[in-house]
1. What's the number of the only condition in (1) at pLDDT 80 or above; (2) part of a helix (DSSP H, G or I) that ILE74 fails to meet?
Amino acid sequence: MSCFCGGSNFCPECGNVLPLPGILDIVCCPRCSFKIRVSEFLGQEIHSAVVFSPLEQSSVAQDEQDSEMKGPVIDRRCSRCNKEGMIYHTRQMRSADEGQTVFFTCIHCRFQEKEDS
Ligand SMILES: [Zn+2]
Ligand SMILES: [Zn+2]
């Protein structure tokens, strides 16, 4: 089904079919270099009321920080404060070959040690 009843996509100067408006806000006729603003081209005023919604703040960083204080507490002596009780948690390294790195976070002073498995 073809429909040529639009009629508004033709250059008023030479009758050439105008390209669809792209990134620019001006439509140029490829034959006679007639230029028309897209707002006029569409026959309506485009109000500059485009509201850019602020980018959602990613909560990933916060989650990652929290994960250091989550996990099973094991009887490991902190090498800084010399108290027992450290949170055991693992973190997958980027390369699968490297395996997991085990982290220990002291529940007393938040000192962090790591141990490659
Ligand atoms: Zn033209
Ligand atoms: Zn400690």
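1. (2)
A quick yes/no check of all residues on (1) assigned to a loop (DSSP other than H, G, I, E, B); (2) modelled with pLDDT under 85:
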site: MET1; (1), (2): yes, yes
site: PHE4; (1), (2): yes, yes
site: GLY7; (1), (2): yes, yes
site: GLU13; (1), (2): yes, no
site: PRO19; (1), (2): yes, yes
site: CYS32; (1), (2): yes, no
site: SER39; (1), (2): no, yes
site: GLU45; (1), (2): yes, yes
site: SER48; (1), (2): yes, yes
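The values are calculated or read from the model by the stated rules, or taken from the named source; none is laboratory data. The shown structure was predicted, so the numbers you read here are calculated from the model rather than taken from an experiment.
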